[in-house]
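A quick write-up on the structure given underneath.
The values are calculated or read from the model by the stated rules, or taken from the named source; none is laboratory data. Just so you know, these numbers come straight off a predicted model, no measurement behind them. Cβ placement follows ideal geometry from the backbone for every residue including glycine, while neighbour counts extend to all protein chains displayed.
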Amino acid sequence: METKILQRLKDIESKYDVKILLAVESGSRAWGFASKDSDYDVRFVYVHRKEWYLTLIEGRDVIEELDSDGVMDFAGWDIRKALLLMGKGNCAFAEWLNSPIIYYKDAEFFQSISSLKNDYFRKVSAVNHYYHMAMNHDKRYLEKRGCEMKKFMYHIRGLLAAKYAAVYGTYPPVLFNDLVDKMICDKNIKEEIAELVRLKKESREHNTLIVSNTLVAFATGIASDIEDMLGTFPEETPFNYKALDAYFLNILNNTTF
């Protein structure tokens, strides 16, 4: 599959006349609990030729392609969009940069962007991002008490990531098991979650499951903790984009096609 993904990335470069700087896996495969039939969520950052940025009307700053069979899903951001979002503390982009599955990277770009990303971490933005990601799955799960297994996995991962960002003041680990190890002390809860991970990996994407009352109560407790924390954070001041402006120009001036 990796060979097919790399070929598609080359095709995208040619089709859109761009240079891909980084391509990674995101979603459940990157988190470490993909099902047998999970698709491949390939995310990438790219740069156009310098002249593309020197027009009165801005061009589209995303590339999206989905295979007809739904197995591979490609989505990329133009470097200007990526840097603007990084300056706002965007957690999705940070997860791309921290993904354990890298299909391609420009070594110089990857080293420099990795050293920059933590400078733009924003606690309130990160906690809100992961908390709302978790709660988007919460209502559907708690009302039905027997939904797709992945809904609860997404729910508990979002809650743990939100609390991690609040407690440690940095981006949470991408791998779910690392997050569990860091945030959960209760041995029984860990064992229940480990069993969920095992079942998720051995199941199909839309298999259903009724999660125990113990895990539901545990998740509810974390949600309550996060809600209490959110009211205690000071207001965040906007970041100065001058450093990112200079970084952006450096990429444009030094990227070769």
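Per-structure values
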{"item": "Selection status of N213, under 24 Å from F93 (Cβ atoms) and without any contact (Cβ under 8 Å) to a residue 12 or more places away in the chain", "result": "no"}
{"item": "Output for segment 25-58, where each listed residue is exposed (fewer than 10 other Cβ atoms within 10 Å of the Cβ) and not in a helix (DSSP H, G or I)", "result": "L54, T55, L56, I57"}
{"item": "Any pair with Cβ under 9 angstrom, 6 or more apart, that starts in segment 46-59 at a residue that is under 15 Å from K19 (Cβ atoms) and ends at one that is assigned to a loop (DSSP other than H, G, I, E, B) and among the polar types (S, T, N, Q)", "result": "V47/T255; R49/T255; K50/T255"}
{"item": "A223 closer than 21 Å to H132 by Cα, surrounded by 15 or more Cβ atoms within 10 Å (Cβ to Cβ) and touching an Asp or Glu at 6+ places or on another chain (Cβ under 9 Å)", "result": "yes"}
{"item": "Residues within segment 83-111 that are in contact (Cβ under 8 Å) with a residue 60 or more places away in the chain, closer than 17 Å to M133 by Cα and among the polar types (S, T, N, Q), tallied", "result": "0"}
{"item": "Among residues of segment 77-103, those that are of a type outside the set (A, V, I, L, M, F, W, C) and in a strand (DSSP E or B), counted", "result": "2"}
{"item": "Matching residues in segment 197-229 - criterion: being under 21 Å from the mean Cα position of the chain (by Cα) and part of a helix (DSSP H, G or I)", "result": "V197, K200, K201, A219, I222, A223, I226"}
{"item": "Close pairs from segment 176-191: first within 18 Å of S99 (Cα to Cα), partner in a helix (DSSP H, G or I) and small (G, A, S), Cβ under 7 Å, at least 6 apart", "result": "L179/A161"}
{"item": "Hits in segment 126-172 - residues which are polar (S, T, N, Q) and either modelled with pLDDT of 90 or more or surrounded by 21 or more Cβ atoms within 10 Å (Cβ to Cβ) (or both)", "result": "N128, T170"}
{"item": "Failed condition for W96, given (1) of a type in the set (A, V, I, L, M, F, W, C); (2) farther than 27 Å from M229 by Cβ; (3) modelled with pLDDT of 95 or more", "result": "(2)"}
{"item": "All positions within segment 7-22 that are of a type in the set (A, V, I, L, M, F, W, C) and assigned to a helix (DSSP H, G or I)", "result": "L9, I12"}
